[in-house]
Amino acid sequence: NNASDPWSSWNVGKSGNWDNGNAVDSWATKPESAAGQRNSASNNWEAAAAFGHPQAYQGPAAADDDDWDDDWDDPKSTSPSYLGYKETEASEAGGVQRGNSRAAAMKLPLNKFPGFAKPGMEQYLLAKQLAKPKEKIPIIIGDYGPMWVYPTSTFDCVVADPKKGSKMYGLKSYIEYQLTCTNTNRSVNHRYKHFDWLYERLLVKFGLAIPIPSLPDKQVTGRFEEEFIKMRMERLQAWMTRMCRHPVVSESEVFQQFLNFRDEKEWKTGKRKAEKDETVGVLIFSTMEPEAPDLDMVEIEQKCDAVGRFTKAMDDGVKELLTVGQEHWKRCTGPLPKEYQKIGKALQSLALVFSTSGYQGESDLNGAITEAGKTYEEIASLVADQPKKDLHFLMETNHEYKGFLGCFPDIIGAHKGAIERVKESDKLVATSKITPQDKQNMVKRVSTMAYALQAEMNHFHSNRIYDYNSVIRLYLEQQAQFYETIAQKLRQALSRFPVM
């Protein structure tokens, strides 16, 4: 009802406008750094600004029920080309269609959830008194600034033992994975569709405060091939490990219920309870309690801008490394081994020609040349296999962080939208649409959002430093071992040649 909406005069064309269901601020189309200006034509941040969150929840499928029908209702392949998989034209067309449907459906499904609908931001900023939810998320000040409170004991979840199951007398098949928590050693079984449900619930609940990267996509063909199942399980494992490492997500009721339900009845009860949760979207900030004084608006805006600049620049860096890595993968598994094979075969052919001369004194040389040719064929195999031993892990880590970084436009957009509301509040106070106390409450609540953003960035940075230190060390160690192996083989080949 616009008559009672104090924002009705200002909610057209504003940055962070929640009126059109788009949580992405216009900052995404204006890269401020040199890194942000590169490749702007294909910049995914601009696409996010135009179409909304690329990972936004699209609402339950029309045929969705407790029976969890299919695993294959989405015609997009998850197979990255750097792993040697090739997407068909049909799957690529399906991917485009899926992206368009997400853009077109952005407004409708978000309005189904409190906090994502238009009144969400006002419901949080202008409420006389926020409802006291049972859950509390404290934010403390640590050595590096605001931070989440980490649990005293951590745990991981092992995804293993994929098994093929069927329903409807074998007409429909699926793969089920066993999940075992390291802190309880209890196991539960979940299909991919259950993981997808968890992702949707986490995104709806935490998506404006915490980046929730999407799962590996669904696939129509080849779902039961061993290599695909192995790759999917590896990515599900990585996703679950990320969630277990997050102090807020891992302790949430929906995540714990996903890991610890005891029977089908308990699973369905917990599922329905999670779907009725109203502390979602922007209202997640009502559960947060910073143990620190309120920030002023200048500092809040500065910190928000700093996060935006860094995440955009890192997104460019990650995508550049993915592009270079993919090109290197193709070269190592295609042209480069063939070049070594050609050298090897050419050397062996030359040795064969020499052996027809009938000259008695060259048998040692001919044998040495033949072995050198075989050595180059061995090197070709080493080159083709090496990316799986080192580049694979570097690419997967960057793939994960690309997913994280794709969430930040919405997070920054929500914060900028709240900041914009506070800036506009002076006009509302002047026209007696809100009271000065209402404005003070708004500043306090935007300050809470800023503390949450800083706490999340501290978690993000600590993980980023650990992850990239680990994966680049592994890459360099494997590369050094690779070249040492080649050098050793070349020395062995060299040793066979007679000294003249």
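The values are calculated or read from the model by the stated rules, or taken from the named source; none is laboratory data. This one's a predicted model, so the numbers in the text were calculated from it and none came from an experiment. Positions of Cβ are generated from backbone atoms using ideal geometry, with glycine treated the same way; all protein chains shown enter the neighbour counts. These area figures cover heavy atoms from the full protein model, side chains too; ligands, DNA and RNA do not enter into them. Shrake-Rupley method; radii C 1.70, N 1.55, O 1.52, S 1.80 Å.
Can you tell me which residue in region 394-433 is farthest from Ile284 (Cα to Cα), limited to those that are of a type in the set (Val, Ile, Thr) and surrounded by 18 or more Cβ atoms within 10 Å (Cβ to Cβ)? Once the filter is applied, the top-ranked residue is Thr397. Quickly run through region 151-167 and pick out the residues that are open to solvent by less than 40 Å² (accessible area, probe 1.4 Å) and either within 12 Å of Gln237 (Cα to Cα) or modelled with pLDDT under 90 (or both). Selection gives Cys157, Val159, Ala160, Gly165. Taken over region 393-447, the criterion of being over 30 Å from Thr241 (Cα atoms) and of a type in the set (D, E, K, R) is satisfied by Lys416, Glu420, Arg421, Lys423, Glu424, Asp426, Lys427, Lys433, Asp438, Lys439, Lys444, Arg445.
Among the residues of region 278-295, write down those that are assigned to a loop (DSSP other than H, G, I, E, B) and β-branched (Val, Ile, Thr).
The initial filter retains those residues of region 278-295 that are assigned to a loop (DSSP other than H, G, I, E, B), namely 278-280, 291-295.
Within region 278-295, Thr279, Val280 meet the criteria.
For (1) farther than 27 Å from Ser173 by Cβ; (2) open to solvent by less than 50 Å² (accessible area, probe 1.4 Å); (3) of a type outside the set (Lys, Arg); (4) modelled with pLDDT of 90 or more, each residue gets a yes or a no:
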position	(1), (2), (3), (4)
Pro211	yes, yes, yes, yes
Glu225	no, no, yes, no
Ile284	yes, yes, yes, yes
Val298	yes, no, yes, yes
Asp305	yes, yes, yes, yes
Gly308	yes, yes, yes, yes
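Screening Ser432 on (1) on the phi > 0 side of the Ramachandran plot; (2) touching a Cys at 6+ places or on another chain (Cβ under 7 Å); (3) not β-branched (Val, Ile, Thr) shows it passes everything except condition (2).
Checking the structure you have, find out if any residue of region 451-462 is open to solvent by 20 Å² or more (accessible area, probe 1.4 Å), out of contact with any Pro (no Cβ under 9 Å at 6 or more places or on another chain) and not in a helix (DSSP H, G or I). Scanning region 451-462 turns up no residue that is open to solvent by 20 Å² or more (accessible area, probe 1.4 Å), out of contact with any Pro (no Cβ under 9 Å at 6 or more places or on another chain) and not in a helix (DSSP H, G or I). Does Val471 satisfy being outside any loop (DSSP other than H, G, I, E, B), within 13 Å of Ile300 (Cα to Cα) and β-branched (Val, Ile, Thr)? No, not satisfied. Residues being assigned by the TED database to the domain that holds His399, among the basic types (Lys, Arg) and touching an Asp or Glu at 6+ places or on another chain (Cβ under 8 Å) are represented in region 473-491 by at least one member.
Within region 325-358, restricting attention to residues that are free of Cβ contacts under 8 Å to residues at least 24 places away in the same chain, of a type in the set (A, V, I, L, M) and under 24 Å from Arg491 (Cα atoms), the residue that is least open to solvent (accessible area, probe 1.4 Å) is Ala351.
Hey, does region 266-275 have a residue that's within 30 Å of His190 (Cα to Cα), of a type in the set (Val, Ile, Thr), in a helix (DSSP H, G or I) and open to solvent by 70 Å² or more (accessible area, probe 1.4 Å)? Yes, region 266-275 contains a residue that is within 30 Å of His190 (Cα to Cα), of a type in the set (Val, Ile, Thr), in a helix (DSSP H, G or I) and open to solvent by 70 Å² or more (accessible area, probe 1.4 Å).
Yes or no, residue by residue, for (1) under 17 Å from His194 (Cα atoms); (2) without any contact (Cβ under 8 Å) to a residue 12 or more places away in the chain:
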| site | (1), (2) |
| --- | --- |
| Glu251 | no, no |
| Val254 | yes, no |
| Lys265 | yes, yes |
| Ala274 | yes, no |
| Val280 | no, no |
| Glu289 | no, no |
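Condition first: over 23 Å from Trp267 (Cα atoms) and not small (Gly, Ala, Ser). Can you find one or more residues in region 187-210 that meet it? Yes, region 187-210 contains at least one residue that is over 23 Å from Trp267 (Cα atoms) and not small (Gly, Ala, Ser).
Can we say Val318 is assigned to a helix (DSSP H, G or I) and surrounded by fewer than 16 Cβ atoms within 10 Å (Cβ to Cβ)? I'd like the intermediate steps shown before the answer.
On the way: assigned to a helix (DSSP H, G or I): yes; surrounded by fewer than 16 Cβ atoms within 10 Å (Cβ to Cβ): no.
No; evaluated as a whole, the condition is false for this residue.
Kindly evaluate Gly361 against the criterion of being of a type in the set (Gly, Ala, Ser) and free of Cβ contacts under 8 Å to residues at least 24 places away in the same chain. Here the answer is yes, as Gly361 does meet what is asked. Scanning region 363-404 for residues that are hydrophobic (A, V, I, L, M, F, W, C) and under 19 Å from His328 (Cα atoms) turns up Ile379, Ala380, Leu382, Val383, Ala384, Leu391, Phe393, Leu394, Met395.
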